[in-house]
Amino acid sequence: MMTEEYLHALLLNMTIEEKIGQLTQYNANVFLDSSADITGPRMQLGLTDEDLSRVGSVLNFSSVAEMKKMQDMHMENDPHRIPVVFMMDVIHGYRTIYPIPLALGCSFDAELAETCSRMAGKEAAASGVQVTFAPMVDYVRDPRWGRVMETCGEEPRLTGALAAAQIRGFQGSDLTYAENVAACVKHFAGYGGAEAGRDYNAVECSERALREFYLPAYKACIDAGAQMLMPSFNSLNGIPSVANPWLMKQVLKEEWDFDGVVISDYNAVGELLVHGVAADEKEAAKLAFDNGCDIEMCSSAYIHHLKELLEEGFFTQEQLDQAVMRVLRFKNRLGLFEDPYHGADQEKADCLYLCEKHREIAKRAAAESAVLLKNDGILPLQENLARVAVIGPFAREHGILGSWSCNGRDEETVTVADGMAALLKTGQVIVAEGCSNHWDDTDTSGFEEAIAAAKSSDAVILCLGEPQDYSGEGNCRTDIRLPGMQMELARRVIAANPKTVAVLFNGRPLDLSELDAVAPAILEMWFPGTEGGNAAAELIFGRANPCGKLAMTFPRSVGQCPIYYNHPNTGRPHWTRAAEHCGYTSDYIDCATLPLYSFGHGLSYANFVYVGMTLSDHQLSAEGSIRVSVRVRNESPVGGKETVQLYMRDPVASVVRPVQQLIGFRKVAFAPWEEKEIEFTLTEPMLRFWNFDMKHVSEPGEIQLMIGCADHFVLTDEIIMK
Ligand code: BGC
């Protein structure tokens, strides 16, 4: 690496225009565009060849050769030989695709998340990527929002733990190492709180809720060493994040001391005009830069106006130099001054893509992220069945990678039909689609074939869900039921053959009330990635034992949204699961209050019995700790994993507290009939909350402890906080 003196010497010799170039990022197509093309992206952005020759970072490119070509062009022309840095959204895989982040959230397994990120980073780095725009850690409560698939769900602690693990996976311990990529945590902050679940929508949220639920995961990423941070598109309490001084200056810089690089989201500086907080591009540049946004992504406010703003005294030379130094230091940490390609090597990349090891990890991750929502006892199936029908629009659907699947290719995924055929020993697999999964498709002409297939088979695997492009950025829904004629197909198929297992592919919690009423078993696969079909088949036949737990609540109907397990208590709580309306309690007259499947729910083929909980003490002092031991026994002949979840409730506090909060979880493997003791350590900071004066405190009094999942506690005890 270069020394700090070297970087300072570089800075000293740079012109203002060169400095501003370091603070700008464009898509590769802008560089590769011919400047003669007056309708091309370069002209639209108002960029000259000179502007472009100074730009310090590039978003998205197609191959190592293209990346090297751009880097070479740049290095030849740059008098300071400051390399360009190449960035991309490597979210859940580069070419080998792992389950979507929401699925990984359900694995409750930080080590697994770290492994998936490491493998994804390795493929990406060999392909020329130096920075990934991940992890995305937005806290969510509303399944209508399409981007819930990119998150780890509705639990701040869980999200923080998995995100920190992803950062370790991407970044490793040394960023100069050719297999590591730098991580950019996003989107700071509150993006997941988009009103009505509509993307890019305004977010109004109290500081207490922000600090308690939304901010901790970003902080966990910074503590884990995230090199970059991206502010969110949305306005937060009236001010778009990239121009929000409370968020960017007070919280990020002053309280958290973040000294990495801040990059705007795509055109977010330009959108300050559209939000209506900047009258023109110049004001947008001023607002974003002044609030600590170092790099502007894909709009041109900085290139056009930063110099002028500096000359007019809107900010100081020192401010500009500090931003540029952050970028130079960052490039140096990546070792780009020595190796501007960062070890990119297409041959190596080609060997890594879809290699056996990565496929194996992708399969394990898909299996560990799947959640068995319901099982009336028909699962697992025997492998010696004579005939199995695989029915539904996802039976031979290759599009199961999910949104943000980078360079993953649908045609390289394993479908359920293929996965089933590979495992069914002597029997026959027959496939019938039955109908499509599009919301406006009413065609039922495939039903007859599907019903005949169901009738003539020993078991049915009914593969349903939403197309991959129904979730992800900009893909929000007001109706979160199974789209199109799928529910009608399900009813008819289940009537034709009651031994039917519903297997689901989707990027958000769906309203499964109708399916739950008729299907004897439901296996939630989410978008499982490249190895999805193999993982599904292994789970169906019991070669793998389901162990995922929901990281996000499944509502009974879209009308319950937003819905989440850790909601504040009310003065008129409604505690029963019963559908009946209780009168003047916090409930609905036409729907039960509790969700269909709660956070933390997930079944296994093993039978885990919670024997008892013991506490080392019942009084907790500020400096002390309590050991919570939970005995769990696997009362079954099959091995499996159980995620033991520890919740707390603070029944009396100076501000209203959540009805329950997860404060610890451990995913543990059990052999058949094995009994284990699982330990948690309880300390005072775990009980803290933001009081009336916005101080992070715990208060004396009783604390209830619960073991189980959010709507079903099997063990309880209490302690006194002294
Ligand atoms: C998304 C970001 C992403 C960026 C660059 C934006 O539209 O909101 O999550 O990192 O594009 O691709």
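The values are calculated or read from the model by the stated rules, or taken from the named source; none is laboratory data. Predicted model, so just to flag it, every value in this text is computed and none were measured. Here the Cβ positions follow ideal geometry from the backbone for every residue, glycine too, while neighbour counts run over all protein chains shown. We work out accessible area using only protein heavy atoms, side chains counted, and drop any ligands, DNA or RNA first. Shrake-Rupley method; radii C 1.70, N 1.55, O 1.52, S 1.80 Å.
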Exactly one of (1) within 16 Å of the ligand (Cβ to nearest atom); (2) open to solvent by 10 Å² or more (accessible area, probe 1.4 Å); (3) without any contact (Cβ under 8 Å) to a residue 60 or more places away in the chain is unmet by D265. Its number?
(3)
Let me confirm something: among L705, L620, L682, which residue is touching a strand residue (DSSP E or B) at 6+ places or on another chain (Cβ under 7 Å), within 21 Å of L162 (Cα to Cα) and open to solvent by less than 60 Å² (accessible area, probe 1.4 Å)?
L682
L210 vs. criteria more than 16 Å from the ligand (Cβ to nearest atom), free of Cβ contacts under 8 Å to residues at least 40 places away in the same chain and open to solvent by less than 10 Å² (accessible area, probe 1.4 Å):
yes
Can you work out which of the residues in the stretch 673-697 that are without any contact (Cβ under 8 Å) to a residue 40 or more places away in the chain and outside any strand (DSSP E or B) is nearest to V611 (Cα to Cα)?
M686
Kindly indicate whether A196 is within 16 Å of the ligand (Cβ to nearest atom) and closer than 30 Å to V656 by Cβ.
no
Exactly one of R396, R387, R326 is in contact with a strand residue (DSSP E or B) (Cβ under 9 Å, 6 or more places away or on another chain) and without any contact (Cβ under 8 Å) to a residue 40 or more places away in the chain, and that one is R396
Which condition number does I167 fail, the rest of (1) out of contact with any strand residue (DSSP E or B) (no Cβ under 9 Å at 6 or more places or on another chain); (2) under 28 Å from M2 (Cα atoms) being met?
(1)
Just need a number here: residues in the stretch 475-495 that are at negative phi and part of a loop (DSSP other than H, G, I, E, B).
10
Picked from the stretch 87-115 (must be closer than 15 Å to S62 by Cα and in contact with a Leu (Cβ under 8 Å, 6 or more places away or on another chain)), the residue farthest from the ligand (Cβ to nearest atom) is R95
What are the residue pairs meeting all of these: first residue in the stretch 630-655, first residue under 19 Å from T614 (Cβ atoms), second residue among the basic types (K, R), Cβ atoms under 6 Å, and 6 or more apart or on different chains?
V632/K676; V644/R666
Of the residues in the stretch 351-404, those that are open to solvent by less than 20 Å² (accessible area, probe 1.4 Å) and within 16 Å of the ligand (Cβ to nearest atom) come to G402
All but one of (1) at pLDDT 95 or above; (2) assigned to a loop (DSSP other than H, G, I, E, B); (3) under 29 Å from the mean Cα position of the chain (by Cα); (4) not hydroxyl-bearing (S, T, Y) hold for L594; state the number of the condition that does not hold.
(1)
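Yes or no, residue by residue, for (1) without any contact (Cβ under 8 Å) to a residue 60 or more places away in the chain; (2) polar (S, T, N, Q); (3) crowded, with 16+ Cβ neighbours inside 10 Å; (4) touching a Gly at 6+ places or on another chain (Cβ under 9 Å):
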position: L52; (1), (2), (3), (4): yes, no, yes, yes
position: S63; (1), (2), (3), (4): no, yes, no, yes
position: Q71; (1), (2), (3), (4): no, yes, yes, yes
position: N77; (1), (2), (3), (4): yes, yes, no, no
position: R81; (1), (2), (3), (4): no, no, no, no
position: V85; (1), (2), (3), (4): no, no, yes, yes
position: H92; (1), (2), (3), (4): no, no, yes, yes
position: L104; (1), (2), (3), (4): no, no, yes, no
position: A113; (1), (2), (3), (4): yes, no, yes, yes
Out of the stretch 145-160, which residues are crowded, with 24+ Cβ neighbours inside 10 Å, assigned to a helix (DSSP H, G or I) and within 14 Å of the ligand (Cβ to nearest atom)?
R147, V148, M149, E150
Residues of the stretch 371-422 that turn out to be among the polar types (S, T, N, Q) and more than 22 Å from the chain's Cα centre (by Cα), as a count
4
When you look at E254, is it more than 16 Å from the ligand (Cβ to nearest atom), in contact with a His (Cβ under 8 Å, 6 or more places away or on another chain) and under 22 Å from T316 (Cα atoms), yes or no?
no
Checking E312, E281 in turn, the sole residue that is more than 16 Å from the ligand (Cβ to nearest atom), touching a helix residue (DSSP H, G or I) at 6+ places or on another chain (Cβ under 7 Å) and acidic (D, E) turns out to be E281
Single residue of the stretch 161-177 satisfying the filter (touching a helix residue (DSSP H, G or I) at 6+ places or on another chain (Cβ under 6 Å) and open to solvent by 10 Å² or more (accessible area, probe 1.4 Å)) that is farthest from P101 (Cα to Cα):
L175
L482 fails exactly one of the following numbered conditions: (1) in contact (Cβ under 8 Å) with a residue 60 or more places away in the chain; (2) crowded, with 18+ Cβ neighbours inside 10 Å. What is the number of that condition?
(1)
Identify, by number, the condition in (1) closer than 26 Å to D345 by Cα; (2) away from the ligand (no atom under 16 Å from the Cβ); (3) buried (at least 24 other Cβ atoms within 10 Å of the Cβ) that R118 doesn't meet.
(3)
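Scan A120, A161, A103, A165 and give me the residue that is under 24 Å from F505 (Cα atoms) and within 14 Å of the chain's Cα centre (by Cα).
Answer to the selection: A103.
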When only residues in the stretch 560-585 that are without any contact (Cβ under 8 Å) to a residue 60 or more places away in the chain and open to solvent by less than 50 Å² (accessible area, probe 1.4 Å) count, which is nearest to F608 (Cα to Cα)?
A578
Could you grab me the full set of residues in the stretch 169-193 that are touching a Ser or Thr at 6+ places or on another chain (Cβ under 9 Å) and within 16 Å of the ligand (Cβ to nearest atom)?
F170, V181, A182, A183, C184, K186, H187, F188, A189, G190, Y191, G192
Every residue from the stretch 258-291 that is assigned to a loop (DSSP other than H, G, I, E, B), of a type outside the set (S, T, N, Q) and over 25 Å from the mean Cα position of the chain (by Cα):
G270, G276, V277, A278, A279, D280
Out of the residues in the stretch 122-144 meeting the condition of being within 30 Å of Q661 (Cα to Cα) and basic (K, R), tell me which one is farthest from the ligand (Cβ to nearest atom).
R141
